[in-house]
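Worksheet for the structure shown next.
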Amino acid sequence: MSSSTQFSPVIQQLFPKKSNQFYISNFKCLKLIPVFPVSVNCSKIHLKFRAKAEVLENNSEESSVQDLDNSPASVELQPISSEAQFDRVISEAQQINESVVILWMATWCRKCIYLKPKLEKLAADYFPRTRFYCVDVNNVPHKLVVRAGITKMPTIQLWRDGNKQAEVIGGHKAYLVVTEVRDMIENEDNNL
């Protein structure tokens with residue numbers, strides 16, 4: 001690909017780096033000369049951008065990707081550090097009829113550490129109707145861990161109406177765990 005290749009304004013807004021080399025290195029699986037339809041081989045990563053690109057192409061050149069979607073890319077899991085705080089979170093969610101997703105983890109657990117940022121991205125999809133929290137089992141009283149029924153980590157639980165409704169034990173690949181958590185949330189939403 002020659003260095004004189006010009007990318008469409010849509011591509012330039014999605015990937016604002018000036019060097020064409022950036023586009024080449026990040027889209028090796030795309031034959032991304034100046035055109036943007038997404039290659040099937042890269043669909044999982046690039047479908048997100050395709051929808052935004054189509055909207056941009058239909059709008060004025062002055063639109064930006066950020067104008068399209070003000071939702072966050074990820075939402076930090078709020079830490080719960082005491083039994084009183086746990087009770088308060090569950091109680092407040094019950095009062096406003098919200099679900100709460102809690103990641104029970106430990107700082108020494110590699111799977112927990114790897115899973116947490118992926119759940120933060122998932123949390124953005126459900127923000128603000130479902131709140132996401134994390135509990136480090138080493139920093140809360142053991143009584144709370146027993147009360148929640150935690151036996152393995154990471155464990156992701158869905159709480160609604162003051163009760164645990166469902167849980168996923170995440171001892172397998174992170175993308176599978178995230179899919180199971182998403183299904184757990186969707187199933188709970190469908191039951192309402």
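The values are calculated or read from the model by the stated rules, or taken from the named source; none is laboratory data. All figures in this text were calculated on a predicted structure; none of them were measured in a lab. In this analysis, Cβ positions are derived from the backbone assuming ideal geometry, glycine residues included, and neighbour counts consider all displayed protein chains. Protein only, heavy atoms only, side chains kept; ligands, DNA and RNA dropped before computing areas. Shrake-Rupley method; radii C 1.70, N 1.55, O 1.52, S 1.80 Å.
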Residues Asp183 and Tyr114, FRET efficiency given R0 of 30 Å [Cβ-Cβ distance, rounded to 0.05]: 0.90
Under the Karplus curve 6.51 cos²θ - 1.76 cosθ + 1.60, θ = phi - 60°, whole-Hz ³J(HN,Hα) for region 169-183, x wherever Gly or Pro sits: 9, x, x, 10, 4, 4, 5, 6, 5, 4, 4, 5, 5, 4, 4
Heavy-atom accessible area ranking, 1.4 Å probe, most first, across Asp183, Asp189: Asp183, Asp189
State the percentage of accessible surface on region 73-147 attributable to carbon and sulfur atoms; use a 1.4 Å probe and exclude ligands, DNA and RNA. 52
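For Trp159, what is the net charge nearby, where nearby means another residue's Cβ is under 15 Å from its Cβ and Lys, Arg count +1, Asp, Glu -1? Provide the component values of the computation, followed by the final result.
Values: positive: Arg88, Arg129, Arg131, Arg147, Arg160, Lys164; negative: Glu83, Asp87, Glu92, Glu98, Asp161, Glu167, Glu188, Asp189.
Here the count lands on -2.
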Does region 63-158 classify as rounded, prolate or oblate by the C-alpha gyration tensor (a ≥ b ≥ c root eigenvalues; a/c under 1.5 gives rounded; else a/b over b/c gives prolate, otherwise oblate)? oblate
Over the Cα atoms of region 86-127 the radius of gyration and the largest Cα-Cα distance (Dmax), both in Å, equal 12.5, 35
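Which value, in debye to the nearest 20, describes the size of the charge dipole of region 69-192 about its Cα centre when Lys and Arg Cβ atoms bear +1, Asp and Glu Cβ atoms bear -1, and nothing else is charged? Display every interim value, and only then the final one.
Numbers: 15 positive and 16 negative charges, 107 e Å.
Using only the charged Cβ atoms, the result is roughly 520 debye.
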Gln165's amide H: which non-local residues (gap 5+, or another chain) put their own amide H closer than 5 Å, with H modeled 1.01 Å from N in plane and none for Pro or chain starts? Leu158, Trp159, Arg160
A correct Karplus calculation of ³J(HN,Hα) over region 74-90, with 6.51 cos²θ - 1.76 cosθ + 1.60, θ = phi - 60°, whole Hz and x for Gly and Pro, returns 8, 10, 4, 5, 6, x, 10, 10, 8, 5, 5, 5, 4, 4, 5, 4, 5
Check Cys134: other-chain or 5+ apart residues with amide H under 5 Å from its amide H, H built from backbone geometry? Gln78, Ile80, Leu103
By accessible area of protein heavy atoms, probe 1.4 Å, what ranking do Leu158, Leu176 get, highest first? Leu176, Leu158
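Accessible area, 1.4 Å probe, largest first: how do Ser81, Ser91 sort? Could the numbers behind the result be given before it?
Values: Ser81 75, Ser91 50 Å².
The most accessible residue leads, giving Ser81, Ser91.
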